[in-house]
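Chemist: Encoded as structure tokens, here's the structure I'll be asking about.
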Amino acid sequence: MCDMFICIPDDPIEDDPRYGNMQTWKVAMKDAPVANPAMCCYGCMCGPCAQYQLRQQALGGTLKEYRCCQGYIWPMSERAGQCGESSCPECCLCLEVCCCNGCALSATRFLIMDQKNLKSDPCDNRIIRFNNFMQLLSCICDLLSICIEELREAAAIIRCIANIVYCVTSGCMTGQMFYELDEGKGPYGAPGGGAPPQQTMHAADVSGAKPAQGVQMQGISQQQVQHPYNPPVSAQAEPVSVQGGQIPVAQATPVAAYATPVTQNPNHGYASGHPGYPSGQQVHHQ
């Protein structure tokens, strides 16, 4: 989806106060229609109602801390809380979401980002900037059509496209925020958001035998796991004498696994007189 806006920069705005935030959204705006389709449609087709419910949920289910645009949008950034919101917050919020739906949507988004230490998603920046561009283009065409009659039809078409873009963008953003506030949902693609369950590793015989039941190796080093059939081996084995010289045996390392003792032929399967037949010197079998 973001390939459509490849010409639009995705970097954060200058002096973005949330640039250093460490957390990311559970779902990006481009994935919100798939992750939360019901709320996306709700925000697209009934924006004021969705924004009212979303702001109330972001404030913890109450409007005691409500302020006009929560003080994020100019010119209310300095006068928020001084316009009588505390006397009737429900009425004030209704006026905000109906008269300034875009500002209400952005204010709730900023509130959630500050609450959860979220940073902007690059693709989200592109979608929002494309929407802003379309609104600005529509405004310019409407102004020009006042003086240039030939532009009125084109201005009406661009205005219709800009409205559709705004509704889609608002729906995606609403679905994203509802998904973020739902504590029962984890990151998109991993429901629950919790760490995966610890996996139990069983020690098995190298010959392919079934793993021992109920034996866990979580947090246990190899040196701590021993078995009567698998005692520690001496640090350095003696060299083996064969015809033509001595072959050193590599240093043995304890293996932390359950192994069935294997009976080996002390003659290694060689007949007497064969070059590989041991010459009476002890051989340490691993």
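Chemist: Considering only residues that are over 16 Å from Gly47 (Cα atoms) and assigned to a helix (DSSP H, G or I), which ones fall in the stretch 93-126? Steps first, answer last, please.
Modeler: Here is the first cut: in the stretch 93-126, the residues over 16 Å from Gly47 (Cα atoms) are 110-126.
Matches in the stretch 93-126: Phe110, Leu111, Ile112, Met113, Asp114, Gln115, Lys116, Pro122, Cys123, Asp124, Asn125, Arg126.
Here is a yes/no grid of residues against (1) modelled with pLDDT of 95 or more; (2) exposed (fewer than 13 other Cβ atoms within 10 Å of the Cβ); (3) not in a helix (DSSP H, G or I):
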residue: Phe130; (1), (2), (3): no, no, no
residue: Leu137; (1), (2), (3): yes, no, no
residue: Cys167; (1), (2), (3): yes, no, no
residue: Gln199; (1), (2), (3): no, yes, yes
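Chemist: Mind counting the residues in the stretch 46-82 that are among the aromatic types (Phe, Trp, Tyr) and free of Cβ contacts under 8 Å to residues at least 24 places away in the same chain?
Modeler: 1
Chemist: Same structure again: Determine, yes or no, whether Asp114 is crowded, with 19+ Cβ neighbours inside 10 Å, out of contact with any Lys or Arg (no Cβ under 7 Å at 6 or more places or on another chain), at negative phi and of a type in the set (Asp, Glu).
Modeler: Answer is no for this residue.
Chemist: Got a sec? Which helices (runs of 4 or more DSSP H) wholly within the stretch 12-83 have at least 1 residues that are open to solvent by less than 70 Å² (accessible area, probe 1.4 Å) and at pLDDT 90 or above?
Modeler: Values: elements: 32-35, 37-45, 47-58, 76-79.
Of the helices (runs of 4 or more DSSP H) lying wholly inside the stretch 12-83, those with at least 1 residues that are open to solvent by less than 70 Å² (accessible area, probe 1.4 Å) and at pLDDT 90 or above span 32-35, 37-45, 47-58.
The values are calculated or read from the model by the stated rules, or taken from the named source; none is laboratory data. Computed from a prediction, not measured in an experiment: that's the story for all the values here. Neighbour counts run over all protein chains shown; Cβ positions are idealised from the backbone, glycine included. We work out accessible area using only protein heavy atoms, side chains counted, and drop any ligands, DNA or RNA first. Shrake-Rupley method; radii C 1.70, N 1.55, O 1.52, S 1.80 Å.
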